1. Would you check which residues across segment 1-57 are in contact with a helix residue (DSSP H, G or I) (Cβ under 8 Å, 6 or more places away or on another chain), polar (S, T, N, Q) and open to solvent by 40 Å² or more (accessible area, probe 1.4 Å) and list them?
2. Filter segment 80-93 down to the residues that are under 19 Å from I22 (Cβ atoms), open to solvent by less than 100 Å² (accessible area, probe 1.4 Å) and modelled with pLDDT under 70 and list them by number.
3. Of the residues R14, R53, R42, R72, which is modelled with pLDDT of 70 or more, assigned to a helix (DSSP H, G or I) and touching a Phe, Trp or Tyr at 6+ places or on another chain (Cβ under 9 Å)?
Amino acid sequence: MYHQFMAEGNYFRRRGDYLQAIEMYDKFLDLDPDSAQGYLYRGICKHNREQFRQAIKDYCDGGYNNRSASMREEFLAQLDAEMSCVGAQIAYG
């Protein structure tokens, strides 16, 4: 069931409904608090809502909730790729 929250969060995020997406990611993370992707996507939504401190906290929590160095590296690579896409969207409107 909790994967449904992730799917709905992704749906709302892609539509630009960041507040609704954050609510879905909150529900997802309540059930899977070690999910780097949940923190990453919620952080992106907060970033797009100009909640920069909260976004940074999510980015950090997602990267460091994962116990292994390889998982942290994977999270950071994913964050870098997502932020590149966000930067392109901001630059090109």
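The values are calculated or read from the model by the stated rules, or taken from the named source; none is laboratory data. These numbers were taken from a predicted model, which means no experiment stands behind them. With ideal geometry, Cβ positions are generated from the backbone for all residues, glycine too; neighbour counts draw on all protein chains shown. Note: accessible area is taken over every heavy atom of the protein model, side chains too, but ligands, DNA and RNA are not part of it. Shrake-Rupley method; radii C 1.70, N 1.55, O 1.52, S 1.80 Å.
1. Scanning segment 1-57 gives Q20, Q37, N48, Q54.
2. Of everything in segment 80-93, those that are under 19 Å from I22 (Cβ atoms), open to solvent by less than 100 Å² (accessible area, probe 1.4 Å) and modelled with pLDDT under 70 turn out to be M83, C85, V86.
3. Values: R14 fails: touching a Phe, Trp or Tyr at 6+ places or on another chain (Cβ under 9 Å); R53 fails: touching a Phe, Trp or Tyr at 6+ places or on another chain (Cβ under 9 Å); R72 fails: modelled with pLDDT of 70 or more.
The unique qualifying residue is R42.
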